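Chemist: Handing you a structure now.
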Amino acid sequence: MISPRQLFFTLALARIGALLVLLPVVHAGEAMQDAWISVIVATGVAILIAWLGAYLAMKHPGKSLGRFANDLLGRLGGTIATGILALSFYVLCLIRVRLVSLVIISHFMPRTPGWALAIPILLTACYGAMMGPDTIGRASEFFFTVMAVIIVASLAVFYAWSPERVAGLKPVLSRGLGPVFAASVPATFLGLVSGLKVLALGRFTTEKGKIPKATATALLISGLALLVFAINAVTALGPAQAQRSVTPLLALASSVSIEGVLERLDLVLVAAWVMGVTFDVTALLMSSSILIGDSVGADHRKVTAVLFLLGLVPVSHRITDIFTMRRLHSTPVTGIWAIVIAVGTLAPVFVAYLIKKRKGGS
């Protein structure tokens with residue numbers, strides 16, 4: 001079992017780690033200097049939608065979505081609803097693993113084969129998922145502290161290097177609200193997926209009444225971190241250059257040098273990012289395994305082993321590149337994906353719950 005505090009750390013760390021180098025809110029759409037407004041919109045929408053999932057988890061103690069969806073929608077309907085979310089978690093898990101290997105290879109080790117980095121990360125995630133939520137929950141408290149120290153230290157260097165910030169965010173809303181909403185879609189999707197892990201981890205969380213608060217707070221804190229990241233990238237690099245860069249924060253960090261103190265800030269950020277993404281990949285793989293296992297009545301550890309073996313080929317394949325990964329985080333792809341999750345998973349389960357509640361549990 002994990003506490004609501006550990007649930008908060010798990011959800012917040014997973015989202016921050018995924019966004020530390022890749023900032024889709026900056027290079028998706030045409031928000032430009034208004035990217036920070038897109039972050040606020042995305043965080044608010046993600047909290048509202050994920051709260052519904054947390055509410056369902058709170059109302060079904062001791063059960064994951066894989067179990068109570070079958071109770072509410074029947075075996076077929078529940079399996080479909082659960083499968084949509086579980087498959088989304090698993091696909092994102094493989095995308096994150098592949099993305100980490102591509103970024104490291106393209107920036108630091110161009111002669112290294114992708115599988116040499118991807119397979120160890122996926123193997124680590126498999127081991128963590130096998131250990132279960134309790135181990136992940138306790139590890140999240142330590143890793144969150146380490147991540148917070150690295151982020152604060154890095155941001156202090158950014159601000160010391162370029163202290164003039166406000167001018168880079170003007171004029172405000174010069175292109176209207178359309179580009180702002182478009183740029184907020186990828187960040188909303190990532191926040192939504194991070195928050196909906198509660199539908200798997202809620203089964204193992206004590207003090208069920210605190211699950212919605214822990215979920216909303218995790219998305220709020222990670223949203224504030226994303227807001228600071230976006231402001232730094234836009235004001236230091238400029239809106240146009242930040243949008244063209246595949247990894248804006250990494251591009252910014254590579255240009256920072258403090259003689260005699262710090263020569264390669266980008267290496268520090270990459271180390272933190274790899275740690276955060278590996279944790280996120282572990283949480284995604286574990287959540288997917290729990291949902292699938294509970295839905296079909298199988299042990300989630302056995303499901304984890306099967307998913308690990310199935311994922312070895314796609315994470316090692318050379319057909320994808322860093323630009324393909326960027327297109328997968330574009331507004332159309334993430335927008336459609338978010339709608340599929342909301343309409344295929346959350347909406348039917350929540351409506352069925354309300355109907356059952358109104359009819360007295362029948």
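The values are calculated or read from the model by the stated rules, or taken from the named source; none is laboratory data. These figures come from a predicted structure and were not determined experimentally. Glycine gets a Cβ as well: all are built from the backbone with ideal geometry, and neighbour counts include every protein chain shown. Accessible surface is based on the protein model in full, side chains and every heavy atom, while ligands, DNA and RNA are left aside. Shrake-Rupley method; radii C 1.70, N 1.55, O 1.52, S 1.80 Å.
Chemist: Considering only residues that are at pLDDT below 85 and not polar (S, T, N, Q), which ones fall in the range 316-339?
Modeler: Matches in the range 316-339: H317, R318, I319, D321, I322, F323, M325, R326, R327, L328, H329, P332.
Chemist: Quick one: in the range 214-229, of everything that is more than 14 Å from F9 (Cα to Cα) and in contact with a helix residue (DSSP H, G or I) (Cβ under 7 Å, 6 or more places away or on another chain), which residue is surrounded by the fewest Cβ atoms within 10 Å (Cβ to Cβ)?
Modeler: That would be V228.
Chemist: Could you grab the pairs with beta carbons closer than 7 Å, sequence gap of 6+ or different chains, first residue in the range 175-194 and over 30 Å from M286 (Cβ atoms), second one open to solvent by 10 Å² or more (accessible area, probe 1.4 Å) and of a type outside the set (A, V, I, L, M)?
Modeler: That search, which allows pairs on different chains as well, returns R175/E30; P179/G29; P179/E30; A182/G29; A182/T331; A183/G29.
Chemist: Taking A118 as meeting all but one of (1) under 20 Å from the mean Cα position of the chain (by Cα); (2) under 30 Å from T206 (Cα atoms); (3) modelled with pLDDT of 85 or more, write down the number of the exception.
Modeler: Going through (1) under 20 Å from the mean Cα position of the chain (by Cα); (2) under 30 Å from T206 (Cα atoms); (3) modelled with pLDDT of 85 or more one by one, A118 breaks only (2).
Chemist: Right, next: What are the residue pairs meeting all of these: first residue in the range 252-278, first residue outside any loop (DSSP other than H, G, I, E, B), second residue open to solvent by 50 Å² or more (accessible area, probe 1.4 Å) and modelled with pLDDT under 75, Cβ atoms under 6 Å, and 6 or more apart or on different chains?
Modeler: Every condition considered, the pairs that remain are D266/S254.
Chemist: Here is a follow-up. What number goes with the only condition from (1) within 30 Å of P179 (Cβ to Cβ); (2) outside any helix (DSSP H, G or I) that I341 does not pass?
Modeler: The failed condition is (2).
Chemist: Being without any contact (Cβ under 8 Å) to a residue 12 or more places away in the chain and open to solvent by less than 40 Å² (accessible area, probe 1.4 Å) narrows it down to one residue among T320, T331, T304, T324; which is it?
Modeler: Within the list T320, T331, T304, T324, the selection yields T324.
Chemist: Take the range 334-358 and flag every residue that is aliphatic (A, V, I, L, M) and in contact (Cβ under 8 Å) with a residue 40 or more places away in the chain.
Modeler: A338, V340, I341, A342, L346, V349, A352, listed by residue number.
Chemist: Continuing with this model, one more query. Return yes or no: is M58 over 22 Å from the mean Cα position of the chain (by Cα) and open to solvent by 30 Å² or more (accessible area, probe 1.4 Å)?
Modeler: No.
Chemist: Could you tell me which numbered condition V25 fails, if it satisfies all but one of (1) open to solvent by less than 20 Å² (accessible area, probe 1.4 Å); (2) in contact with a Gly (Cβ under 8 Å, 6 or more places away or on another chain); (3) of a type in the set (V, I, T)?
Modeler: (2)
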